Structures are given as structure tokens and as C-alpha cells.
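Read the figures in this text as sums done on the coordinates, not as results from a lab. All values reported here derive from a predicted model rather than from experimental measurement.
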Amino acid sequence: MSLPSIASRAPKIPLAVPLALRLSADEMAKTDKYAALEVRSRSAFARMLFLRGLADYERELAQSK
């Protein structure tokens, strides 16, 4: 079984804007480790985590109303 290339899995987002993110050395090492396990780039892995966290945040907001 072959894995898809990272480029073919990257979302096609028109007008996407880069976002800088500060991570400690330990956080960066963990990011690299887990990204490699999922055959993702560092930025694709960070985006995936951001989207998960955003969904959780929005769910919490909806429950508090």
C-alpha cells in the first residue's frame, strides 16, 4: 500500500494566509514526531490540530449559550 504524497493531500484553499506560530523546543519536537507518524508536513499537522481545537472551542461556546 502506498501513501499519498503530502502535496496531494494538502487542501486547496484560495487566498490562504500564512500564520506564524511560536512553539517551545519540546513542542516543536513533538510536532515533528507526530507529523512524521502521520506522513504530514509540520504545517499540515499544525493546521489539523488547529482545526480540531477550533471545532472544540466552537462546540463549547454553543453549549454555554
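Observations on the structure shown:
- The stretch between LEU19 and LEU37, if pulled fully straight at 0.36 nm per residue, gains 4.1 nm over its current Cα-Cα span.
- Bridgeable aspartates and glutamates around LYS65 (alpha carbons under 19 Å apart, same-chain partners fewer than 8 residues away excluded): ASP56.
- Sequentially through the stretch 12-21, phi angles give Karplus couplings (6.51, -1.76, 1.60; θ = phi - 60°) of 8, 10, x, 6, 5, 10, x, 9, 6, 9 Hz, Gly and Pro residues having no value and appearing as x.
- For the stretch 38-54, 3J(HN,Hα) per residue [Karplus equation, 6.51 cos²θ - 1.76 cosθ + 1.60, θ = phi - 60°, Hz, x = Gly/Pro]: 9, 6, 10, 6, 4, 5, 5, 5, 5, 5, 4, 5, 4, 5, 5, x, 5
- Applying 0.36 nm per residue to the separation of ALA46 and GLU60 and subtracting their alpha-carbon distance, the gain on full extension is 2.9 nm.
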